[in-house]
Amino acid sequence: MNIYDKLEDAHIPVVLAHPLKTKAIASARIKSDRVDARILAHLLRADLIPESYVPSKEMREMRSLVRHRISIVKVRTMLKNKIHAIIDRNGLKHEFSDLFGKAGISWLKGLKLPSLDRLMLDNHLTHIESLERQIKRVDEEITSRASQDEDVKLLLSLTGIDVYTALLIKSEIGDIRRFPNYKKLVSWAGLAPSLHQSGSIEYHGAITKQGSRMLRWIIVESAR
């Protein structure tokens with residue numbers, strides 16, 4: 001989006017083509033940057049380019065923020081799994097409901113382990129502590145931005161939606177007014193069942209899974 005922003009700042013009209021819907025390029029047998037550019041130029045001249053939605057700069061920043069939190073949490077989860085592997089490898093058991101709570105961390109730090117496992121466990125714990133601080137800082141920024149957003153406040157009235165979830169949903173959808181009805185939104189999110197039709201026979205399959213993978217994930221998690 002860096003090129004898009006620079007062109008937009010220079011007041012140069014920009015059209016972002018939807019890659020899946022630009023069939024003249026997606027289904028072409030001969031593909032190169034020069035051929036694609038020529039096809040795009042012809043389509044643009046005829047006003048036949050299916051445009052991709054471009055959220056505002058503020059919305060893109062919001063989206064980057066919540067996705068950044070997801071990436072940090074994924075790294076933390078990976079490290080926790082590695083710690084579980086070290087415990088299993090050494091045949092150790094624990095009775096903590098949360099191994100990474102205060103009591104669990106204290107137990108982990110006091111374990112007598114082979115030197116290499118002790119070194120790796122200490123490194124993992126230090127890394128997790130650092131990630132926890134990063135997540136806290138990101139959560140503070142998320143809460144600050146969410147408190148100023150009316151759509152987020154509305155989403156918070158729904159069961160299963162917290163501040164982070166609300167901001168993620170808002171940042172992925174963007175301006176909801178671009179959807180004429182809820183069916184279009186469901187279809188765009190990839191949550192609509194696929195349709196297979198032949199003559200008078202039709203059947204519905206699994207959801208299409210098109211659109212934002214993040215949005216589908218958080219909607220399913222909230223429903224659960």
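The values are calculated or read from the model by the stated rules, or taken from the named source; none is laboratory data. Please read all numbers here as calculations on a predicted model, not as lab measurements. Ideal geometry is used to build each Cβ from the backbone, glycine not excepted, and the neighbour counts take in all protein chains shown.
Can you list residue pairs whose Cβ atoms sit under 6 Å apart, with the first residue in the stretch 39-54 being farther than 25 Å from Asp175 by Cβ and the second being assigned to a helix (DSSP H, G or I)? Count only pairs 6 or more apart in sequence or on different chains.
These pairs meet every condition: Ile39/Ala24; Ile39/Ile25.
Give the residue, chosen from Asp98, Asp88, Asp117, that is assigned to a helix (DSSP H, G or I), loosely packed, with under 13 Cβ neighbours inside 10 Å and either in contact with a helix residue (DSSP H, G or I) (Cβ under 6 Å, 6 or more places away or on another chain) or charged (D, E, K, R) (or both).
Asp88
In contact with a His (Cβ under 7 Å, 6 or more places away or on another chain) and in a helix (DSSP H, G or I): is that true of Leu79 in this structure?
yes
Which condition number does His196 fail, the rest of (1) out of contact with any strand residue (DSSP E or B) (no Cβ under 9 Å at 6 or more places or on another chain); (2) not assigned by TED's automatic domain parsing to the domain that holds Val75 being met?
Unmet condition: (1).
Being under 22 Å from Val220 (Cα atoms) and charged (D, E, K, R) narrows it down to one of Asp117, Asp139, Asp122, so name that one.
Result of the check over Asp117, Asp139, Asp122: Asp139.
Within the set of pairs 6+ apart or on separate chains, which have a first residue in the stretch 85-101 that is assigned by TED's automatic domain parsing to the domain that holds Glu132 and touching a residue at least 24 places away in the same chain (Cβ under 8 Å), a second that is part of a loop (DSSP other than H, G, I, E, B) and among the aliphatic types (A, V, I, L, M), and C-beta atoms under 7 Å apart?
Asn90/Leu113
Before we move on, is Leu108 crowded, with 17+ Cβ neighbours inside 10 Å and part of a helix (DSSP H, G or I)?
yes
Tally up the residues in the stretch 153-184 that are of a type in the set (A, V, I, L, M, F, W, C), more than 17 Å from the chain's Cα centre (by Cα), surrounded by 12 or more Cβ atoms within 10 Å (Cβ to Cβ) and part of a helix (DSSP H, G or I), please.
2
Select from the stretch 48-66 the residues that are loosely packed, with under 14 Cβ neighbours inside 10 Å and within 22 Å of Asp162 (Cβ to Cβ) and list them in ascending order.
Selection gives Glu58, Glu61, Ser64.
Could you check, for the stretch 69-82, whether at least one of its residues is of a type in the set (Ser, Thr, Tyr), more than 26 Å from the chain's Cα centre (by Cα) and either under 30 Å from Trp217 (Cα atoms) or surrounded by fewer than 13 Cβ atoms within 10 Å (Cβ to Cβ) (or both)?
no
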